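Trainee: Handing you this structure, nothing more for now.
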Amino acid sequence: MLKNWFDAMENAIREIKQSPEKSVQVFHHNDADGITSGAILTRAFERQGYKVQRFSLEKPYPAVLKKIFEQEGRIIIFADFAGRIAPMISDLNKGRNLTLILDHHVAAASTDPKVHNLDPDLFGLKGDRDISGSTTCYLFAVTMNPINHDLAPIAAVGAVADGFFVDGLLVNQNRDAALEAVQQGKFAIKEIANGEQYWLKTPNGDIPVLEFGDYLDLLGGVGYYHNGPDMGVKVCLEGVSPESDKMVEELKVTRKKIFDEEIARLQSGGWKQAPHIQWFQVENRFFPMGVKMIGAFCDAIRETNLIDPKKYLAGFQIIPDEIPGFGAIKFNEVKISMRVSPFMEGEIRGGRVMGLNILLPEATNRLGGFSDACHSLTAATTVAIGKEEMLIEEMEKILQGESNG
Ligand SMILES: [Mn+2]
């Protein structure tokens, strides 16, 4: 199976080398795994003499994909997302661009021969165990050119930050990347009581990798609309600097200020109450933070006395009509993030009330919205701006139907 994966990567690399196009467009996720993936691909393609245009996305939104695939004759690469939507990408591409998908989430096969879905999930590996997005990109990079072995520490950082361990240890491809980085003298593994601790060795001392991962997550998430992902990639390739430290400190201040102001608003009548759901809309007040932060904010308040512990918790944030560096995109969409109190968590786990993984996607579908990551205790979808209240009402109908029936 793995031989098939390396064969598929070699095929794609051959096609890239045969293409007259000498620039690549890299679209990567904005979390630590995605940022390390973007850094690895940038360095690897620049070494091959390509001009790299790099864009960080919070998600591969359909509106963004549509604009990307208005192009023709390009080399387009997706990293740390898009494995599952290879069929949709194939439909949009129609053979017009050489497209590579270097994701590690659960994947579906491509239906366009010009779309190479190199997600190792299709070749027998598990993205939540064996291999991160960064390690996927790293193995692609060394397949393209063994000179890229020096990128192993960046791959290992992404793997640790993505947080998939078996009994506290990195395993399989992720572990191999970490061991390689250790051999290069740039990484250290220390045994602890329930697993291992990973350290990045830098000229300025050793940094715990989990801490470094948080640093990248902060740049990518809190600093999303303020060039944070660019700084994250720079830090991966060149190391932390006083400039990046300053940016991270400023972003922490920004986040605290925005969160504190929102909490004050909630305390002075900012809530809207439905029978089973308490909700609020932050409009554009979270800018320049990315839309991941509405979920982070719900997490921050779900165990406080700001909320009614017996109701579901929902927050809305308008998705800005812009992808940094890529340009204007008319989304006209609002993101909803849902969380629950510890009390409701017990009710859901006990099967006494409906999980968010059923409630939110069902209501979102009824309004023609887009469901993505929905789990029983955390969920997020998007709907058109203006449908916020309708979405809450749909969920109430679903909940009342359940209690009546
Ligand atoms: Mn990942």
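Trainee: Identify all residues within the range 25-41 that are surrounded by 24 or more Cβ atoms within 10 Å (Cβ to Cβ) and not small (Gly, Ala, Ser); write none if there are none.
Mentor: Correct list: Val26, Phe27, His28, His29, Asn30, Asp31, Asp33, Ile35, Thr36, Ile40, Leu41.
Trainee: Still on this structure: Out of all the residues in the range 78-101, is one or more hydrophobic (A, V, I, L, M, F, W, C) and at positive phi?
Mentor: yes
Trainee: Next question. Quick check: anything in the range 198-207 under 21 Å from Val157 (Cα atoms) and in a helix (DSSP H, G or I)?
Mentor: no
Trainee: When you check Lys330 against the structure, is it surrounded by fewer than 20 Cβ atoms within 10 Å (Cβ to Cβ), assigned to a loop (DSSP other than H, G, I, E, B), among the basic types (Lys, Arg) and touching a residue at least 60 places away in the same chain (Cβ under 8 Å), yes or no?
Mentor: Taking the combined requirement at face value, the residue satisfies it.
Trainee: Related question: Among the numbered criteria (1) acidic (Asp, Glu); (2) assigned to a helix (DSSP H, G or I); (3) touching a residue at least 12 places away in the same chain (Cβ under 8 Å), which single criterion is violated by Asp308?
Mentor: (2)
Trainee: Shifting gears a bit: Could you say which residue among Phe140, Phe212 is of a type in the set (Phe, Trp, Tyr), modelled with pLDDT of 95 or more, in a helix (DSSP H, G or I) and outside the structural domain of Thr42 (by TED's automatic domain parsing)?
Mentor: Within the list Phe140, Phe212, the selection yields Phe212.
Trainee: Between a first residue in the range 146-173 that is farther than 22 Å from Glu211 by Cβ and more than 12 Å from the ligand (Cβ to nearest atom) and a second residue that is part of a loop (DSSP other than H, G, I, E, B) and at pLDDT 95 or above, which pairs have beta carbons less than 6 Å apart while being 6 or more apart in sequence or on different chains?
Mentor: The qualifying pairs are Asn172/Asp130; Gln173/Asp130; Gln173/Ile131.
Trainee: List pairs: first residue in the range 40-52 and among the polar types (S, T, N, Q), second residue crowded, with 17+ Cβ neighbours inside 10 Å anywhere in the structure, Cβ distance under 6 angstrom, at least six positions apart or on different chains.
Mentor: Thr42/Val52; Thr42/Arg54
Trainee: Go through (1) under 23 Å from Met1 (Cβ atoms); (2) under 23 Å from the mean Cα position of the chain (by Cα); (3) more than 16 Å from the ligand (Cβ to nearest atom) one by one and return the number of the condition Leu179 breaks.
Mentor: Result: Leu179 fails condition (2) only.
Trainee: Pro320 passes all but one of (1) in contact with a helix residue (DSSP H, G or I) (Cβ under 9 Å, 6 or more places away or on another chain); (2) of a type outside the set (S, T, N, Q); (3) in a helix (DSSP H, G or I); which number fails?
Mentor: (3)
Trainee: More than 16 Å from the ligand (Cβ to nearest atom), on the phi < 0 side of the Ramachandran plot, in contact with a Phe, Trp or Tyr (Cβ under 8 Å, 6 or more places away or on another chain) and without any contact (Cβ under 8 Å) to a residue 40 or more places away in the chain: does that describe Thr143?
Mentor: In short, no.
Trainee: Can you pull out the residues in the range 104-128 that are within 17 Å of the chain's Cα centre (by Cα) and over 19 Å from Phe6 (Cβ atoms)?
Mentor: Of everything in the range 104-128, those that are within 17 Å of the chain's Cα centre (by Cα) and over 19 Å from Phe6 (Cβ atoms) turn out to be His105, Val106, Asp128.
Trainee: Tell me, please, whether a residue that is among the aromatic types (Phe, Trp, Tyr) and touching a residue at least 40 places away in the same chain (Cβ under 8 Å) can be found in the range 249-267.
Mentor: So far as the range 249-267 goes, yes, one or more of its residues are among the aromatic types (Phe, Trp, Tyr) and touching a residue at least 40 places away in the same chain (Cβ under 8 Å).
Trainee: Might you let me know whether the range 12-23 holds any residue that is in contact with a Leu (Cβ under 8 Å, 6 or more places away or on another chain), within 16 Å of the ligand (Cβ to nearest atom), over 17 Å from Ala141 (Cβ atoms) and modelled with pLDDT of 95 or more?
Mentor: There is no residue in the range 12-23 that is in contact with a Leu (Cβ under 8 Å, 6 or more places away or on another chain), within 16 Å of the ligand (Cβ to nearest atom), over 17 Å from Ala141 (Cβ atoms) and modelled with pLDDT of 95 or more.
Trainee: Look at Lys114 and say whether it is surrounded by fewer than 24 Cβ atoms within 10 Å (Cβ to Cβ), of a type in the set (D, E, K, R) and touching a Pro at 6+ places or on another chain (Cβ under 6 Å).
Mentor: no
The values are calculated or read from the model by the stated rules, or taken from the named source; none is laboratory data. It should be emphasised that the depicted structure is a prediction, and the values quoted were computed from it without experimental measurement. Cβ sites come from the backbone with ideal geometry, for glycine too, and all protein chains shown count toward neighbours.
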